[in-house]
Amino acid sequence: MSQETLDLIISKVNNALDEEVLVVKPPETDEEAEGEKEEKEEIEETAKLNFGKPMIILDSEKWSMDLAKMLRDDPQLHFDFLQCVTGVDYDEHMEVVYNLYSTEKKHYLYVKVKTPRETPSVVSVTPVWRAADYMEREIFDLLGIEFPGHWNLKRILLQDEWEGHPLRKDYITDKKALGLD
Amino acid sequence: MAIKTETMTLNMGPQHPSTHGVFRLVVDVDGETIKRVEPVMGYLHRGSEKLAERFVYTQFIPYTDRLDYMNAMTNNYVYCAAVEKLLEWEIPERAEYLRVITMELNRIASHLVWWGTYLLDIGALSPFLYAFRDRDHCLDLLNEISGARMTFNYMRIGGVKWDSPDGWIDRVKEKVKVLRENINEYDTLVTGNEIFQSRTIGVGKLTKEQILDWGISGPLARASGLKMDIRKDEPYSIYDRFDFDIPTQEEGDVYARYKVRIAELYESLKIIEQACEQIPEGDIITKKGKRIMMIKPPAGEAYTRAEASKGEIGVYAISNGKNKPYRIKLRRPSFVNVAILQELLIGKNIQDLVAIFGSLDIVLGEVDA
Amino acid sequence: MDLLFMAIYAVAVLGGLLGAVTYAILFERKVIGYMQIRTGPNRYGPWGMFQTIADVMKLLMKEDIIPAQADRKIFVLAPVVAFAPAFMVFAVISWSENLYAADLNIGVLYFLGVSSMTMLGVLMGGWSSNNKYSLLGAIRGVSQMISYELPLVLSVLGIVILVGSLNLRDIVFFQQDVGLWFIILQFPAFIIYMISAIAELNRSPFDLPEAESELVSGYHTEYSGFRYAFYMLAEYTYAIAIAAFATTLFFGGWLGPAFLPGIVWFLLKMCLFMFVWFWLRATLPRARVENLMQFCWKVLIPLALLNIVVTAIIKVWMGW
Amino acid sequence: MNPQMIFFLVLAVLAIACAVLVLQLKRISHRVVSMAFCFFAIAGLYFLLGAEFIGIIQIIVYAGAVTILFIFGMMMTEHRNITFSAHPRKLHRVLSFVGVGTLLGFMLYGILNMDLPQNGSPRVYEEGTAHEIGLVLYGHYVIAVIGMAFLLTAALIGAIVIARKEAK
């Protein structure tokens, strides 16, 4: 069932974007495994099943409000519930993960949006799911990812004067300033 | 001619009796009508997610206790379950039953605290003490099994820390009877009270669309007619073995939330009773789970969720194959639910603010993480 | 000589009141304590007898804080203004057949008029504190007190019509002559009186002006130390006054079986009233603002007017 | 000096002092409070004269209702921007003097022409008690009273209607 959902999502998203953005990794062969890095990236898997649930990986340029709207409004997908927004700092890039759920169809989707680490920026989905409001603010606060289109993007947990973004991997905890030293 | 009136900005909190912790609401009021609300939080921010990256997997369990300290068992559970999912471990039967019993007992305790403090918020003094009496029944039981009354640190990756002491299951059964009787009494005393109803019926209505839009879960969603309960939708642990209902209400007002929570108390009691009947003998933790430093989930990521008393609590765990998590994201229900305040409170008056805010049942430890 | 006697009487009543207020607070805490499955204060003295005394001592010894932004003069004056009328009304209360200060012909009117002045103290306190909670509490308090003043007065009018006098002692004597207390003759009026009295006193379930869950402490949020004590004193003095007034009007004042002196009966009946208020406080949640006003204007006042009309008709018809 | 005289002096001084303070004080809230005290003092004078009923009415209506109304108006509206200009215009000043002078003259004329009781023979005044006033109001002036009642009811309803419109 999940595989079907995944296929459905792939076709829908590719349709909406008008290009083959999502590709399922073909069965791995030894040759490819030993192939060069550049080659590998070309066929990098952008749609898969993760613990039995569909997961799609997109670049931040591809991820747009229209796509989010499509995911929510398409009668076959109908992802009306945004469960969780996670920001992750991988050393080479940053990611924002959206966990979507459909209360009607009872299916799930992970949307991973990759964004460059130097200028992390992912389109805000608050107009589509208001639930993203605080969660995006939190990610902005702790990871420093910009969300253009967010109506009120400012620090939420840390005070406004805080410097840096603690959840980044290269953040250095100033123990003295925190009174820990 | 309109009389020129002054709006004033009211800083409710961070020290205010009914913000239930260090939470601040910047409210612009015209007379008593609210024109603008801005929730301000973070006073209790401990950087839990950052801390998670510094510890071995097991070491983070006590930190989850401090999120929603009213309902720490579920937090424990969902974190352990997330790691177990990455590890793809099987959990011993008895451990699962103990997990369910403790989680449900904790849910009852949490709902009772809500019941008491909520009525305190709307001006009834006595229910608070009665609620705490019954909450203590639950906490005593949890204390016996875990050694702590609020921050249990009871679950382990692969099972639970302690087996139940002698006769514990029987004592649970006894207390369930007592609790059911008492809750029934409170139900008859308060639910029909006319003043209470006038304070709550039709106040703070949330529509289904708003619930979905704002990603609200738990009793709040169920009070608006959405039959959403992770225990049924995506049964985790062994919830599929029990016979219980998901209470829902259609109205979506404060009173509906109240009724949903009261009904959930009964359902939790039902689950505990069944679990106590069915609980098998056996191990309480997998062999591998005992070697704490050796827990190294394979690289991967997964979102795991569970139904806490406040709503959907989720953990997005990312492992890179080492013995420390690469990233732990905590989806805290209170944090998500509280966002609705800025929309919900506009046009209401101060008195309703308290009634509505209380009905959301947020815990600041969880909001601020 | 008269003046001296009056001064002595006033001081005696004031002393008695201070004691009464102290123990009314203890009584309240005990009553609510037992209703809430706990024992209430039990540390100082047997059965916690000295608890409130200790509390008062503490309040008196506390630092006197006046907020920097407060309107100093009014802030200082307000608790006194709140207390004075609550105390003044005791002039017309007749404790027993022989023990009274002023046999005022318009006792009822005096009581109602003077007691309505407490709201000035509330308003001054709330306004001068320069605190938004205080201000909101004061606005709520005053609008509530003004509204409930009306049913309170109207409920008493039925009795005045029947007795044909505004003198509180005449009212008691009338009840003695008829042999029935007004609680039976004027039962609807009694209910209206009780409800509006609770609202007048800002007691639960109508304690909106000091709703601690929303307004922190209402109009006396900024007060501490002995000024706060003064407000508390005013509040409880007024409660005792209202109880005394109700006893006189509806419970036959000092009337009662002869084995106890009149004043004891009077005090016992007052205690009963106080107990009912404490009981309600332990039982009921706080009412809504709109409901409170609607209830006053749409239910209590029409009912009170109806009661007056019916009473007048009966009076004329029966030829009393 | 009998006690009554002492009380009279105290109350009279209080009343006048408060009345002056109403004009002299800087803050509007202080003015309102001193106005309330002025009303109280006047009520006390009524009591002293044996007109208890009028005294109480003075407290209820003036010290109670009117003062509270003033304070409410003050609290609800933006009063901080309103300033009383320190130097009123000349014409303004002259006109005020003329007005006050005329009023004072009328009052003096009335007081001097009043049939005051002679010292030493206190006459008991029946006027001003509740009984008397009731008889007069509902006997001689009943039509006027009813007329007033209608007028006030109409005003009350009108006020509610206006307030409702504004709320919308």
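Results for (1) touching a His at 6+ places or on another chain (Cβ under 9 Å); (2) within 27 Å of residue B:38 (Cβ to Cβ), shown as yes or no for each residue.
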site: A:73; (1), (2): no, no
site: A:91; (1), (2): no, no
site: A:103; (1), (2): yes, no
site: A:126; (1), (2): yes, yes
site: A:161; (1), (2): no, yes
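Restricting attention to the range B:110-162, the residues being assigned to a loop (DSSP other than H, G, I, E, B) and crowded, with 21+ Cβ neighbours inside 10 Å number 7. Scanning the range C:238-287 for residues that are more than 23 Å from residue C:188 (Cα to Cα), open to solvent by 20 Å² or more (accessible area, probe 1.4 Å) and not in a helix (DSSP H, G or I), which turns out farthest from the other protein chains (Cβ to nearest Cβ)? Checked the range C:238-287; the qualifying residue farthest from the other protein chains (Cβ to nearest Cβ) is C:259. Evaluate the range C:48-70: report whether one residue or more is within 14 Å of the chain's Cα centre (by Cα) and either away from chain D (no Cβ under 12 Å) or more than 24 Å from residue C:195 (Cα to Cα) (or both). For the range C:48-70, residues within 14 Å of the chain's Cα centre (by Cα) and either away from chain D (no Cβ under 12 Å) or more than 24 Å from residue C:195 (Cα to Cα) (or both): absent.
Report yes if some residue within the range C:209-218 is in a helix (DSSP H, G or I), out of contact with any helix residue (DSSP H, G or I) (no Cβ under 6 Å at 6 or more places or on another chain), within 14 Å of chain B (Cβ to nearest Cβ) and at pLDDT below 85; otherwise report no.
Keep residues of the range C:209-218 that are in a helix (DSSP H, G or I), which gives C:209-210, C:212-215, C:218.
Pick out the ones that are also out of contact with any helix residue (DSSP H, G or I) (no Cβ under 6 Å at 6 or more places or on another chain) and you get C:212.
Within this subset, residues satisfying the condition of being within 14 Å of chain B (Cβ to nearest Cβ) are C:212.
Of the ones still in play, those that are also at pLDDT below 85 are C:212.
Yes, the conditions are met somewhere in the range C:209-218.
Being aromatic (Phe, Trp, Tyr) and either surrounded by fewer than 24 Cβ atoms within 10 Å (Cβ to Cβ) or away from chain A (no Cβ under 12 Å) (or both), is that true of even one residue in the range B:341-363? Outline the logic, then answer.
Quick first cut of the range B:341-363, residues aromatic (Phe, Trp, Tyr) only: B:357.
Checking the rest, the ones that are also either surrounded by fewer than 24 Cβ atoms within 10 Å (Cβ to Cβ) or away from chain A (no Cβ under 12 Å) (or both) come to B:357.
Scanning the range B:341-363, I find at least one residue that is aromatic (Phe, Trp, Tyr) and either surrounded by fewer than 24 Cβ atoms within 10 Å (Cβ to Cβ) or away from chain A (no Cβ under 12 Å) (or both), so the answer is yes.
Of all positions in the range D:143-162, at least one carries a residue that is at pLDDT 85 or above, touching a helix residue (DSSP H, G or I) at 6+ places or on another chain (Cβ under 9 Å) and not assigned by TED's automatic domain parsing to the domain that holds residue D:51.
Only one of the numbered conditions (1) open to solvent by 10 Å² or more (accessible area, probe 1.4 Å); (2) assigned to a helix (DSSP H, G or I); (3) in contact (Cβ under 8 Å) with a residue 40 or more places away in the chain is violated by residue B:86, and that is (1).
Looking at B:172, B:160, B:176, which one is touching a Cys at 6+ places or on another chain (Cβ under 7 Å) and modelled with pLDDT of 85 or more? It would help to see each step written out before you state the result.
Numbers: B:160 fails: touching a Cys at 6+ places or on another chain (Cβ under 7 Å); B:176 fails: touching a Cys at 6+ places or on another chain (Cβ under 7 Å).
Sole residue among the options that is touching a Cys at 6+ places or on another chain (Cβ under 7 Å) and modelled with pLDDT of 85 or more: B:172.
Return a yes/no flag: does the range B:170-184 have any residue that is within 12 Å of another protein chain (Cβ to nearest Cβ) and more than 25 Å from residue B:268 (Cα to Cα). No, there is no match, as no residue in the range B:170-184 is within 12 Å of another protein chain (Cβ to nearest Cβ) and more than 25 Å from residue B:268 (Cα to Cα). On inspection, residue C:235 passes the criterion of being away from chain B (no Cβ under 14 Å) and among the acidic types (Asp, Glu). For the residues C:126, C:107, the requirement of being within 14 Å of chain D (Cβ to nearest Cβ), in contact with a Gly (Cβ under 9 Å, 6 or more places away or on another chain), open to solvent by less than 10 Å² (accessible area, probe 1.4 Å) and not acidic (Asp, Glu) singles out C:126. Of the residues making up the range B:21-36, those that are surrounded by fewer than 21 Cβ atoms within 10 Å (Cβ to Cβ) and within 17 Å of residue B:360 (Cα to Cα) are B:21, B:22, B:24. Considering the range A:11-25, and only residues there that are within 17 Å of residue A:114 (Cβ to Cβ) and of a type outside the set (Asp, Glu), the residue that is modelled with the lowest pLDDT turns out to be A:25. For the range C:131-153: of the residues being over 12 Å from residue C:197 (Cα atoms) and more than 9 Å from every other protein chain (Cβ to nearest Cβ), which is surrounded by the fewest Cβ atoms within 10 Å (Cβ to Cβ)? Applying the filter and picking the extreme gives C:131.
Those residues that are under 17 Å from the mean Cα position of the chain (by Cα) and either within 14 Å of another protein chain (Cβ to nearest Cβ) or assigned to a loop (DSSP other than H, G, I, E, B) (or both), I need them from the range B:51-78; list them, please. Hits for the range B:51-78 are B:66, B:67, B:68, B:69, B:70, B:71, B:78.
Yes or no, residue by residue, for (1) small (Gly, Ala, Ser); (2) within 14 Å of residue B:156 (Cβ to Cβ); (3) within 14 Å of chain A (Cβ to nearest Cβ):
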residue	(1), (2), (3)
B:37	no, no, yes
B:42	yes, no, yes
B:49	no, no, yes
B:80	no, yes, no
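Among the residues of the range B:227-266, those identified as in contact with a strand residue (DSSP E or B) (Cβ under 9 Å, 6 or more places away or on another chain), surrounded by 20 or more Cβ atoms within 10 Å (Cβ to Cβ) and part of a loop (DSSP other than H, G, I, E, B) are B:228, B:229, B:236. Within the range B:309-322, residues that are more than 9 Å from every other protein chain (Cβ to nearest Cβ) reach partners that are open to solvent by 10 Å² or more (accessible area, probe 1.4 Å) and of a type in the set (Lys, Arg) with beta carbons closer than 7 Å, at six or more positions or on different chains, in the pairs B:313/B:305; B:321/B:296; B:322/B:296.
Within the range A:94-113, can one find any residue that is among the acidic types (Asp, Glu) and either within 9 Å of another protein chain (Cβ to nearest Cβ) or under 19 Å from residue B:317 (Cβ atoms) (or both)?
yes
Anything in the range B:304-326 that is open to solvent by 10 Å² or more (accessible area, probe 1.4 Å) and either of a type in the set (S, T, N, Q) or closer than 24 Å to residue B:106 by Cα (or both)? List them, or say none. Break it down into steps so the answer makes sense when it comes.
Taking the range B:304-326 first, the residues open to solvent by 10 Å² or more (accessible area, probe 1.4 Å) are B:304-305, B:320-324, B:326.
Across the range B:304-326, the qualifying residues are B:304, B:305, B:320, B:323.
Every residue, every condition in (1) within 10 Å of chain B (Cβ to nearest Cβ); (2) under 28 Å from residue B:343 (Cβ atoms); (3) in contact with a Phe, Trp or Tyr (Cβ under 8 Å, 6 or more places away or on another chain), yes or no:
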position	(1), (2), (3)
A:136	no, yes, yes
A:142	yes, yes, no
A:150	no, yes, yes
A:156	yes, yes, yes
A:159	yes, yes, no
A:166	yes, no, no
A:176	no, no, no
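Annotation: of all residues in the range D:70-109 being outside any helix (DSSP H, G or I) and within 14 Å of chain B (Cβ to nearest Cβ), the one that is modelled with the highest pLDDT is D:77.
For residue D:27, are the conditions met, namely being open to solvent by 70 Å² or more (accessible area, probe 1.4 Å), within 13 Å of chain C (Cβ to nearest Cβ) and either free of Cβ contacts under 8 Å to residues at least 12 places away in the same chain or of a type outside the set (Asp, Glu) (or both)? Break it down stepwise before answering.
Values: open to solvent by 70 Å² or more (accessible area, probe 1.4 Å): yes; within 13 Å of chain C (Cβ to nearest Cβ): yes; either free of Cβ contacts under 8 Å to residues at least 12 places away in the same chain or of a type outside the set (Asp, Glu) (or both): yes.
Criteria met by residue D:27.
Across the range B:163-215, what is the number of residues that are of a type in the set (Phe, Trp, Tyr) and open to solvent by 80 Å² or more (accessible area, probe 1.4 Å)? Talk me through it step by step, then tell me what you get.
Within the range B:163-215, the subset of a type in the set (Phe, Trp, Tyr) is B:168, B:186, B:196, B:214.
Next, from what is left, pick out any that are open to solvent by 80 Å² or more (accessible area, probe 1.4 Å): none.
The total comes to 0.
Would you say residue B:267 is free of Cβ contacts under 8 Å to residues at least 40 places away in the same chain and farther than 29 Å from residue A:89 by Cα? So residue B:267 passes the test.
For the range B:317-334, which positions are over 28 Å from residue B:214 (Cα atoms) and either assigned to a loop (DSSP other than H, G, I, E, B) or aliphatic (A, V, I, L, M) (or both)?
B:320, B:321, B:322, B:323, B:324, B:325, B:326
The values are calculated or read from the model by the stated rules, or taken from the named source; none is laboratory data. The structure displayed is predicted, hence computed values, not measured ones. Positions of Cβ are generated from backbone atoms using ideal geometry, with glycine treated the same way; all protein chains shown enter the neighbour counts. The accessibility values were calculated without ligands, DNA or RNA, using every heavy atom of the protein model including side chains. Shrake-Rupley method; radii C 1.70, N 1.55, O 1.52, S 1.80 Å.
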